[in-house]
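Following: one structure in structure tokens, then a few remarks.
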Amino acid sequence: MNDTNEKEIKLINGQIIGIFLFIITLLVSILISYNEKLQRENKRAFFSNKEALDISFINRLVVVLIGIYFVYDAYARKNNAPQNDPDSNLEILSSWFALIASIIVLYIVIRNYNNPNFDVTEIEEPTL
């Protein structure tokens, strides 16, 4: 097995782990949204508002870390790709856009962390 092939296998393994973690963050987002639904229906919720905010903060932080990894992955794939591959540039651009969006959502959570009127489900967009 050559060195380039081993690097690509490591990148694919990293992508699998990143995608798996992203799926977990999606499930957490769904759980937080369902928790808010229970609260609005005056039913017993899984989490208090503060707990939901804490969970959302950690969830958003994990999404940012995943985004950082995928930016790194896109650059690494470009270095291993054939020269002048336009798809690698698009992959890098989309990775940056996803990272920027996740940073903005994390910023909103941090900025409103101590705001008692802040509704965490308003920014709990599962795909970000």
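The values are calculated or read from the model by the stated rules, or taken from the named source; none is laboratory data. Computed from a prediction, not measured in an experiment: that's the story for all the values here. We place every Cβ from the backbone using ideal geometry, glycine too, and count neighbours over all the protein chains shown. Remember, those area values only see protein heavy atoms, side chains included, never the ligands or the DNA or RNA. Shrake-Rupley method; radii C 1.70, N 1.55, O 1.52, S 1.80 Å.
Only protein atoms count toward the accessible area here, which uses a 1.4 Å probe; on the chain, the carbon and sulfur part of that area reaches 63 percent. FRET efficiency for the LYS7 to ILE100 pair, using the beta carbon distance and R₀ = 30 Å, is estimated at 0.65.
Relative to the Cα centre, the charge distribution of the chain, modelled as +1 at Lys and Arg Cβ and -1 at Asp and Glu Cβ, gives a dipole magnitude of about 380 debye. Packing around the peptides 102-111, 89-98, 41-50, taken as the average count of other Cβ atoms within 10 Å per residue, puts them in this order, highest first: 102-111, 89-98, 41-50. The residues of the chain present an accessible area of 67 Å² per residue when probed at 1.4 Å with all protein chains retained.
Report, in cubic angstrom per residue, the convex hull volume of the C-alpha atoms of region 1-42.
27 Å³
Taking every Cα-Cα distance in the chain and sorting them into 10 Å bins starting at zero, the pair-distance distribution P(r) comes out as 13, 35, 26, 16, 8, 2, 0 percent. Legend: calculated FRET efficiency, ILE16 to LEU93, from the Cβ-Cβ distance at R0 = 25 Å, rounded to 0.05, equals 0.65. What are the lysines whose alpha-carbon lies under 19 Å from the alpha-carbon of LYS37, with same-chain residues fewer than 8 places away excluded? Excluding near neighbours in sequence, the set is LYS50.
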